[in-house]
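**Q** Before anything else, here's the structure in question.
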Amino acid sequence: MPRYIFITGGVVSSLGKGLASAALGALLQSRGYKVRLRKLDPYLNVDPGTMSPYQHGEVYVTDDGAEADLDLGHYERFTGVSAAQADNITTGRIYSDIISKERRGDYLGATVQVIPHVTNEIKDFVLSDAGDVDFVLCEVGGTVGDIEGLPFFEALRQLRQELPLRQSCYMHVTLMPYIAAAGEMKTKPTQHSVKELRSIGIQPDILLCRADREIDMGDRRKIARFCNVRESSVIQGLDARSIYDVPLAYHTEGLDKEVLMHFGIEDAPKADLSRWEQISETLHNPDGEVTVAVVGKYTVLPDAYKSITEALVHGGIANQVKVKIKWLEAEEFENSDDPNVLKGVHGILVPGGFGERGAEGKIKAATFARTKHVPYFGICFGMQMAVVEAARNMAGIENASSSEFGEGGENIVGLMTEWTKGNERVERTADTDLGGTMRLGAYPARLVEGSKVAEQYGMLDIEERHRHRYEVNIEYKDKLEAAGLLFSGLSPDGVLPEIVEIPGHPWFIGVQYHPELKSRPFEPHPLFAGFVKAALEQSRMV
Ligand code: GLN
């Protein structure tokens, strides 16, 4: 049976609870343990798929097609363990399941209540399908005290008594603010948040106190005394230069040691953190710098492009360079004929996106990259826009467009009406729900031998994660290829364009899928490694 670590947060949100969970997972792994990370989200959406990136940041997609919280991306990047549908649950999903069961009559006349029905669902989720892992780390979204989080905390409270002795650990992440006027750090918010937690019956075992400067021993003692934890269990979590320094930093502070001690594990293997040391070393001693423009629509909120940002960092690691990102709002240079803002960048990346706003700016970015021979990486929407650009300016289809923007143009990109998943034909119509109806998750693609993309991957059969509702119409393949755009990757049945590239261009690749989701610091995605390499070559030319 695995041991369970429950991670909660207090004081404020955005303390890096997800990162802390991922880092702890990585630390336990570095001692040879098998881990699994899960996220409990108290909001009412069934999944974050329908939420605006402004609200919730990026939607992370798993191999098995879940639209999940972006923390699952941190978990994957830090542990290398692929997350699954079964690793993220929301209040919305729980209620939706319970209500269907109730309508079916499954509760046999019982009054359906938060306790025990909702809490039981939560506990079942936490305990389900753990496989042969040594530790399951379960993070609760939000902060203690949120009304919607209560059933989750209650479920976790019950689990302590239901699991065997010493099989569970509560880790609470809090904030230690520094008050400049007083010239000191304050323990009170931590005390209050632990009080809140204890009022619902949870006594934390470990406190991870986030701070922007050293927490002195006196303050740690004070926290230990008022919060009723051991002094050694008050761990300071200082701001780090890079998120990839966090596992090393928390190890130095004794986080993993304290967790193991809590479980009474005395013979744990020593931590082997060499791969993290290596990453840290490469990150902080780059051999140069390249600037990549990311032309998107949600650029004011970098969390909206979390995996892209990280995959670019990984591409940098692969090439020993620092990648500087220049965030550009596509809409802003839509009306100028000369996209000045793109001058001097070494690579242009157009990420995924939805809707018409900013589309013309993205098309302009693709024109600039193509005609000025600047490396171009189009991801999902960025690939579709590159195809529209090629149709308009290489194949002479002046009004080329996507049906996502309504009627009026010649739709080179159109609504996908059916596709193959495994042996099944999946169909959708224009009036089905928006939630959960995209082509989601991992699908195979076959690459064209001798193409740039095949060279990047070093193989011809790949599998990548998708999240899209529109596709490039295969009927335009011949016409666009005659004009100089190569369809270098297709779905195995040959009907769905997965990759396009421009032969002869230093690096111009558009992919219908999201390669960023599978990139890891110790295993940079080949396309990100290749794109940064091309950007580096470009930087040597200008
Ligand atoms: N809006 C486009 C589609 O649905 C692209 C989606 C994306 O970039 N993730 O196909």
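The values are calculated or read from the model by the stated rules, or taken from the named source; none is laboratory data. The model shown is predicted, which means the values in this text are computed figures rather than measured ones. Cβ: placed from backbone, ideal geometry, glycine included. Neighbour counts: every protein chain shown. To get the accessible areas, we keep the full protein, side chains included, count just its heavy atoms, and leave off ligands, DNA and RNA. Shrake-Rupley method; radii C 1.70, N 1.55, O 1.52, S 1.80 Å.
**Q** Between Leu15, Leu37, Leu44, which is buried (at least 21 other Cβ atoms within 10 Å of the Cβ) and aliphatic (A, V, I, L, M)?
**A** Exactly one of Leu15, Leu37, Leu44 is buried (at least 21 other Cβ atoms within 10 Å of the Cβ) and aliphatic (A, V, I, L, M), namely Leu37.
Here's the yes/no breakdown for (1) in contact with a strand residue (DSSP E or B) (Cβ under 6 Å, 6 or more places away or on another chain); (2) among the small types (Gly, Ala, Ser); (3) without any contact (Cβ under 8 Å) to a residue 12 or more places away in the chain:
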position	(1), (2), (3)
Thr91	no, no, no
Gly105	no, yes, yes
Val112	no, no, no
Ile115	no, no, no
Phe125	yes, no, no
Ser128	no, yes, no
Cys138	yes, no, no
Glu148	no, no, no
Glu154	no, no, no
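**Q** Here is a follow-up. Only one residue in Ala318, Ala330 is within 16 Å of the ligand (Cβ to nearest atom), under 27 Å from the mean Cα position of the chain (by Cα) and either surrounded by 21 or more Cβ atoms within 10 Å (Cβ to Cβ) or closer than 30 Å to Leu283 by Cβ (or both). Which one?
**A** Ala330
**Q** Check Val500, Val472, Val453 and return the single one that is under 18 Å from Ser402 (Cβ atoms), surrounded by 20 or more Cβ atoms within 10 Å (Cβ to Cβ), in contact with a Leu (Cβ under 7 Å, 6 or more places away or on another chain) and among the β-branched types (Val, Ile, Thr). Spell out how you get there, then give the answer.
**A** On the way: Val472 fails: in contact with a Leu (Cβ under 7 Å, 6 or more places away or on another chain); Val453 fails: under 18 Å from Ser402 (Cβ atoms).
After applying the criteria, what remains is Val500.
**Q** Right, next: When you scan segment 115-147, how many residues do you find that are surrounded by fewer than 16 Cβ atoms within 10 Å (Cβ to Cβ) and either in contact with a helix residue (DSSP H, G or I) (Cβ under 6 Å, 6 or more places away or on another chain) or among the aromatic types (Phe, Trp, Tyr) (or both)?
**A** Residues in segment 115-147 being surrounded by fewer than 16 Cβ atoms within 10 Å (Cβ to Cβ) and either in contact with a helix residue (DSSP H, G or I) (Cβ under 6 Å, 6 or more places away or on another chain) or among the aromatic types (Phe, Trp, Tyr) (or both): 1 in total.
**Q** Sticking with this one: Testing Phe487 on (1) more than 16 Å from the ligand (Cβ to nearest atom); (2) closer than 18 Å to Arg446 by Cα; (3) assigned to a loop (DSSP other than H, G, I, E, B); (4) touching a Lys or Arg at 6+ places or on another chain (Cβ under 8 Å), one condition comes back false. Which one is that?
**A** (3)
**Q** Restrict the check to segment 262-273 and report whether at least one residue is part of a helix (DSSP H, G or I) and modelled with pLDDT of 95 or more. If you could, list the steps in order and put the result at the bottom.
**A** First, the residues of segment 262-273 that are part of a helix (DSSP H, G or I): 262.
Now restrict to residues that are modelled with pLDDT of 95 or more: 262.
Looking through segment 262-273, at least one residue is part of a helix (DSSP H, G or I) and modelled with pLDDT of 95 or more.
**Q** Which of the residues spanning segment 475-489 are of a type outside the set (D, E, K, R) and out of contact with any strand residue (DSSP E or B) (no Cβ under 6 Å at 6 or more places or on another chain)?
**A** Scanning segment 475-489 gives Leu480, Ala482, Ala483, Gly484.
**Q** Determine whether Glu498 is in a strand (DSSP E or B), within 14 Å of the ligand (Cβ to nearest atom) and in contact with a Pro (Cβ under 8 Å, 6 or more places away or on another chain).
**A** Working: in a strand (DSSP E or B): yes; within 14 Å of the ligand (Cβ to nearest atom): yes; in contact with a Pro (Cβ under 8 Å, 6 or more places away or on another chain): no.
Spelling it out, it is not the case that Glu498 is in a strand (DSSP E or B), within 14 Å of the ligand (Cβ to nearest atom) and in contact with a Pro (Cβ under 8 Å, 6 or more places away or on another chain).
**Q** Pull up segment 348-376, narrow it to residues that are within 13 Å of the ligand (Cβ to nearest atom) and of a type outside the set (Gly, Ala, Ser), then point me to the one that is nearest to Lys326 (Cα to Cα). So that I can check it myself, show each step before the final result.
**A** Here is the first cut: in segment 348-376, the ones within 13 Å of the ligand (Cβ to nearest atom) are 349-359, 362.
Still in the list and also of a type outside the set (Gly, Ala, Ser): 349-351, 354, 356-357, 362.
Values: Leu349: 10, Val350: 12, Pro351: 13, Phe354: 21, Glu356: 22, Arg357: 20, Lys362: 14 Å.
So, considering only residues that are within 13 Å of the ligand (Cβ to nearest atom) and of a type outside the set (Gly, Ala, Ser), the one nearest to Lys326 (Cα to Cα) is Leu349.
**Q** Answer yes or no: is there a residue in segment 57-65 that is open to solvent by 30 Å² or more (accessible area, probe 1.4 Å) and polar (S, T, N, Q).
**A** no
**Q** Please go through segment 503-524 and give me each residue that is away from the ligand (no atom under 16 Å from the Cβ) and open to solvent by 10 Å² or more (accessible area, probe 1.4 Å), ordered by number.
**A** Scanning segment 503-524 gives Pro503, Gly504, His505, Pro506, Arg520, Phe522, Glu523, Pro524.
**Q** Turning to a different aspect of this structure: Just the residues that are open to solvent by 10 Å² or more (accessible area, probe 1.4 Å), in contact with a His (Cβ under 8 Å, 6 or more places away or on another chain) and closer than 30 Å to Ala83 by Cβ, please, taken from segment 526-542.
**A** Ala529
Listed here are the residues, each with its yes/no results for (1) among the small types (Gly, Ala, Ser); (2) touching a residue at least 24 places away in the same chain (Cβ under 8 Å); (3) over 20 Å from Asp63 (Cα atoms).
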| position | (1), (2), (3) |
| --- | --- |
| Phe487 | no, yes, yes |
| Leu490 | no, yes, no |
| Pro503 | no, yes, yes |
| Ile509 | no, yes, yes |
| Tyr513 | no, yes, no |
| Ser519 | yes, yes, no |
| Glu523 | no, yes, no |
| Pro526 | no, yes, no |
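**Q** Would you please name the residue that is farthest from Leu15 (Cα to Cα), looking only at residues in segment 233-262 that are β-branched (Val, Ile, Thr) and touching a strand residue (DSSP E or B) at 6+ places or on another chain (Cβ under 9 Å)? Break it down into steps so the answer makes sense when it comes.
**A** To start, the set of residues in segment 233-262 that are β-branched (Val, Ile, Thr) comprises 234-235, 243, 246, 252, 259.
Next cut, touching a strand residue (DSSP E or B) at 6+ places or on another chain (Cβ under 9 Å) only: 234-235, 246, 259.
Details: Val234: 16, Ile235: 14, Val246: 13, Val259: 20 Å.
Filtering first and then ranking leaves Val259.
**Q** Find all pairs meeting these conditions: Cβ atoms under 7 angstrom apart; at least six residues apart or on different chains; first residue within segment 337-362 and free of Cβ contacts under 8 Å to residues at least 40 places away in the same chain; second residue more than 10 Å from the ligand (Cβ to nearest atom).
**A** Correct list of pairs: Pro339/Phe333; Pro339/Lys364; Pro339/Ala365; Pro339/Phe368; Glu360/Glu334.
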